[in-house]
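The values are calculated or read from the model by the stated rules, or taken from the named source; none is laboratory data. Just so you know, these numbers come straight off a predicted model, no measurement behind them. As a convention, Cβ positions derive from the backbone with ideal geometry for all residues, glycine included, and neighbour counts pool all protein chains shown.
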């Protein structure tokens, strides 16, 4: 009989064959299997294949993970597996769930999985050592448009560091369902709206210390060159549908749609990195 407790299982990027042996066995042994479906998503057919392999899986959204009374109540008496796309501890929400389980004296085991943050850097051919802070490109929510993703990109470029830009998949920001992964066209439009917003507010950006001054100057430079910077669009990484395109930002607006996308904005590349990136140059 499987012991009661909670297991946080990283299920990778969408390919069943890419999961660890431990992940598959823990899922099979669980009394309850929940798939967290708001930070990322698999295609429906891949979820169906997963269920054929391990048994029924229930999709849950943000409120059920952030307020995990049901999960922890079940885990106190049964074996509960929370399946997380990528690695289970990449999001602070899951770390908080782990801490809540510990506080309730509920056993909590972690099975790590392949994450986009570890996969994409090597896949495109850039040195992992040269990546700065990553950011998430969000949908505009009505009149609410953030500019912080542009600020992260700008500062990284000023420091000659690459940037991993994750794409949003929730147009509502609520994490309760009706997910719509951001497509390349959505991403470019979002960036342009952010540029308009940043251009109108940059005069309010302070420069009282070295970091603030760096942010201000790097943002001014980014706004000037945004349409001409090169980036790497990564689509459905780690799956049979994987695609990588390298080109000027505006060129990627016509890239085909897919499941999950992200983008890498390189800094100045080394000779090896430049040769690696040239493999993905978008064909006209």
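When segment 217-245 is examined, which residues are found to be surrounded by 18 or more Cβ atoms within 10 Å (Cβ to Cβ) and closer than 18 Å to residue 151 by Cβ? Once the filter is applied, which keeps residues that are surrounded by 18 or more Cβ atoms within 10 Å (Cβ to Cβ) and closer than 18 Å to residue 151 by Cβ, segment 217-245 yields 218, 219, 222, 226, 231. Condition check: modelled with pLDDT of 95 or more and part of a strand (DSSP E or B). Does residue 23 satisfy that? So residue 23 fails the test.
One line per residue, one yes/no per condition, for (1) at pLDDT below 90; (2) assigned by TED's automatic domain parsing to the domain that holds residue 266; (3) closer than 22 Å to residue 40 by Cβ; (4) assigned to a helix (DSSP H, G or I):
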residue	(1), (2), (3), (4)
188	no, yes, yes, yes
197	no, yes, no, yes
200	no, yes, no, yes
203	yes, yes, no, yes
215	no, yes, no, yes
221	no, yes, no, yes
232	no, yes, yes, no
238	yes, yes, yes, no
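Only residues that are within 14 Å of residue 220 (Cα to Cα) and surrounded by 20 or more Cβ atoms within 10 Å (Cβ to Cβ) were counted in segment 153-174, giving 5. If you check 43, 34 for being within 25 Å of the chain's Cα centre (by Cα), surrounded by 20 or more Cβ atoms within 10 Å (Cβ to Cβ) and under 29 Å from residue 171 (Cβ atoms), only one passes: 34. Against the test of being modelled with pLDDT under 90 and either assigned to a strand (DSSP E or B) or in contact with a strand residue (DSSP E or B) (Cβ under 7 Å, 6 or more places away or on another chain) (or both), the options 163, 136, 121, 93 yield a single qualifying residue, 121. How many residues are part of a loop (DSSP other than H, G, I, E, B), under 18 Å from the mean Cα position of the chain (by Cα) and buried (at least 20 other Cβ atoms within 10 Å of the Cβ) if we restrict to segment 49-89? Within segment 49-89, residues that are part of a loop (DSSP other than H, G, I, E, B), under 18 Å from the mean Cα position of the chain (by Cα) and buried (at least 20 other Cβ atoms within 10 Å of the Cβ) number 3.
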